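Q: This is the structure, below, for whatever I ask next.
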Amino acid sequence: MSLFGSSGVRGVVNKDFTPELAAKIGMAVGSHNVCAAVGMDSRTSGPMIHAAVSSGLLSAGCDVFDAGLVTTPTLAELARTAGCGVMVTASHNPPEYIGIKLLNPDGSGFGLNQSSAIEKIIESRAFRLAPWDEVGIRRAFPDAADTHACRIQWAVGESKLKVVVDCANGPAFTITPIVLQRMGCKVITINSNPDGHFPGRPPEPVDENLTDLKNAVVSMKADLGIAHDGDADRMVAIDDKGMFLGGDQLLALFAKRFAKKKLVVTVDTSIAIDDYVDAKVIRTRVGDVFVSEEVKKSKASFGGEPSGTFIFPDQTYCPDGILAAARLVEIATEKKLSELRTKIPRYPILRGAVSYNPKFKAAILATLDKAMRSLKCDELLTLDGYRLQFEDGWALVRPSGTEPKIRLVAEARTEKRAANIMSSMDNVVKRSCR
Ligand code: MG
């Protein structure tokens, strides 16, 4: 059984992910922890799964620090005191999904060994069931966001910029606008009502979902726009000209300022970062858990992913979209983002995905493996999925850890070649997924 993916457990509500499963995860985590911080994002199924996982924790004699509706990085802040964190979230997935992400007290997500230990407890039903007088105690922590906001404030300077924040109808409204206001910014919010139907836009902060934010930045003559994903561990931006600043460009900007000798990125990151910063670039598997692990191991001073995940180890090993927003505001206070954007090398990089029927996952992945290994390239890396190096570009074909999708990335020095690599990869993957 492989319950946990690279970002915890995720699935469709009441189909793959039931309250029963949440209670079992709670019982398993509670069997080996005396206390856990529990929080949730704004999904319709949040309260249901929050109650179930809390019930499991309490039954095992584990105390629950209930943070309520918070962002994942805020929950990570409370996990410092609690000893571990249980976040009820499906991050950027569509609204029908829910999930649970487990966090260490340093903010990093549970690694593969920790996750498989939890899986084993669930499989063997080796739960500790507490006697009546040792059942866990629930305490409410309504100020978790404020504690988190204070920590970020100490780590950043002041700014008078005008910023539009798109909260994605998620819990970001509890913290990002407040942090930026306290820095001295004039803040305008959109999608700041928590709503699990995501009426404003889909929760994934990609270019095509951010039209409203771009329009708001331009029409209100703001200095920048910030957009989060559903649980605000991620962040992307819009510059003062209304142009999208994606993860690849933000990685380059942050790395220039915060990476001293070494930085860690994932295998799907653009080679633009290698050309823009002097620090050594280490590449690792896709997933913030692997970035955190590598940042710790290599003592790097910054890490991240092109999905908009940024890890600043001077503060936390949890990707923190709010801290990243505050630090981007600091950068934009010194120089306009539109000016900085033009200095970052930009190679045509294309990203796509092919969905498959999860019922036939094993067979599809086996066919894909054969197909990928038979392709001609200069070098094939199988650190995570298949990274093919060509003379004039590269491609990454990688099964998603959280959704029944094969993700594709192609980058080259010319548009034509990138499109060419993408279409040949797309063909191979589509044939394997049939
Ligand atoms: Mg997220």
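The values are calculated or read from the model by the stated rules, or taken from the named source; none is laboratory data. The model shown is predicted, which means the values in this text are computed figures rather than measured ones. Reconstructed Cβ throughout: ideal geometry from the backbone, glycine too, with neighbour counts over all protein chains shown. With ligands, DNA and RNA removed, areas are computed over all heavy atoms of the protein, side chains included. Shrake-Rupley method; radii C 1.70, N 1.55, O 1.52, S 1.80 Å.
Q: What does the net charge come to around ILE98 if you take all other residues with beta carbon closer than 14 Å to its beta carbon, with K and R at +1 and D and E at -1?
A: Combined, the nearby Lys, Arg, Asp and Glu give -2.
Q: Right, something else. Using the basic label-point model (7 angstrom from Cα toward the beta carbon), what is the LYS359 to ASN193 distance in nanometres?
A: It is 3.9 nm.
Q: At a Förster radius of 25 Å, what calculated FRET efficiency corresponds to the Cβ-Cβ distance of ALA155 and LYS261, to the nearest 0.05?
A: Once rounded, the FRET efficiency stands at 0.75.
Q: For the chain, set up a Gaussian network in which alpha carbons nearer than 10 Å are linked by springs, and say which option among ALA395, ALA172, ALA51 fluctuates the most.
A: Fluctuation is largest for ALA51.
Q: Express the relative contact order of the range 349-432 as a whole percentage, based on alpha carbon pairs under 8 Å and six or more residues apart in sequence.
A: It comes to 35 percent, rounded to a whole number.
Q: What percentage of the solvent-accessible surface of the range 1-129, computed with a 1.4 Å probe over protein heavy atoms, is contributed by carbon and sulfur atoms?
A: Carbon-and-sulfur percentage of accessible area, whole number: 56.
Q: How far apart, in nanometres, would the label points at ARG139 and SER423 be if each is projected 7 angstrom from Cα along the Cα-to-Cβ direction?
A: About 6.2 nm, to one decimal.
Q: Then there's this: Working from the pairwise distances between different alpha carbons, so that the mean of 1/r is found and then inverted, what is the range 146-341's Kirkwood radius in Å?
A: Taking the inverse mean of 1/r over all distinct Cα pairs, the range 146-341 comes out at 16.4 Å.
Q: Moving to a separate point now. Using only alpha carbons, build the gyration tensor for the range 9-142 and give me the equivalent ellipsoid semi-axes, biggest first, whole Å.
A: 20, 17, 14
Q: Whole-Hz ³J(HN,Hα) for each residue in the range 87-99, computed from phi via Karplus 6.51 cos²θ - 1.76 cosθ + 1.60 with θ = phi - 60°, x for glycine and proline: what do you get?
A: Values, residue by residue: 9, 8, 7, 10, 6, 9, 5, x, x, 6, 8, 9, x Hz.
Q: Taking a spot 7 Å from the Cα of THR414 along the direction of its beta carbon, which residues of the range 348-363 have an amide N less than 14 Å from it?
A: Residues 348 fall inside that zone.
Q: Which FRET efficiency value, to the nearest 0.05, is calculated for ASP146 and ARG346 with the Förster distance at 35 angstrom and r the Cβ-Cβ distance?
A: Efficiency at R0 = 35 Å is approximately 0.35.
Q: Further question on the same structure: Of the GluC sites (Glu not before Pro) in the range 75-137, which ones lie in a loop per DSSP and count no more than 16 other C-beta atoms within 10 Å?
A: GLU96
Q: Right, next: Out of residues 5 or more away from ILE188 or on other chains, whose amide H comes under 5 Å of its own, with H placed 1.01 Å from N in the peptide plane?
A: The list, which skips near neighbours in sequence, is VAL163, VAL164, VAL165.
Q: LYS186 to LYS296: FRET efficiency via 1/(1 + (r/R0)^6), r the Cβ-Cβ distance, R0 45 Å, to the nearest 0.05?
A: E between LYS186 and LYS296, to the nearest 0.05, is 0.75.
Q: To continue, here is another question. For the range 349-432, what is Rg from Cα atoms divided by 2.2 N^0.38 Å, rounded to two decimals?
A: With N residues counted in the range 349-432, Rg over 2.2 N^0.38 Å equals 1.03.
Q: Can I ask one more? Per residue of the range 388-402, what does 6.51 cos²θ - 1.76 cosθ + 1.60 with θ = phi - 60° give for ³J(HN,Hα)? Whole Hz please, x for Gly and Pro, Karplus curve as stated.
A: 9, 9, 10, 4, 10, x, 8, 9, 10, 10, 9, x, 5, x, 10
Q: Here's something else I'd like to know. Considering the Cα trace of the chain, what is its radius of gyration and what is Dmax, both in angstroms?
A: 21.2, 69
Q: Read phi for every residue in the range 301-315 and hand back ³J(HN,Hα) as whole Hz from Karplus 6.51 cos²θ - 1.76 cosθ + 1.60, θ = phi - 60°, with x for Gly and Pro.
A: Those phi angles translate into 9, 7, x, x, 9, x, 6, x, 9, 10, 10, 10, x, 5, 10 Hz.
Q: While we're looking at this one, here's another question. Just need the relative contact order of the range 9-142 here, percent rounded to a whole number, with Cα pairs under 8 Å and 6+ apart.
A: Answer for the range 9-142 is 32 percent.
Q: Hey, what did the chain get for relative contact order, percent, Cα under 8 Å, at least 6 apart?
A: Once divided by the residue count of the chain, the mean separation gives 13 percent.
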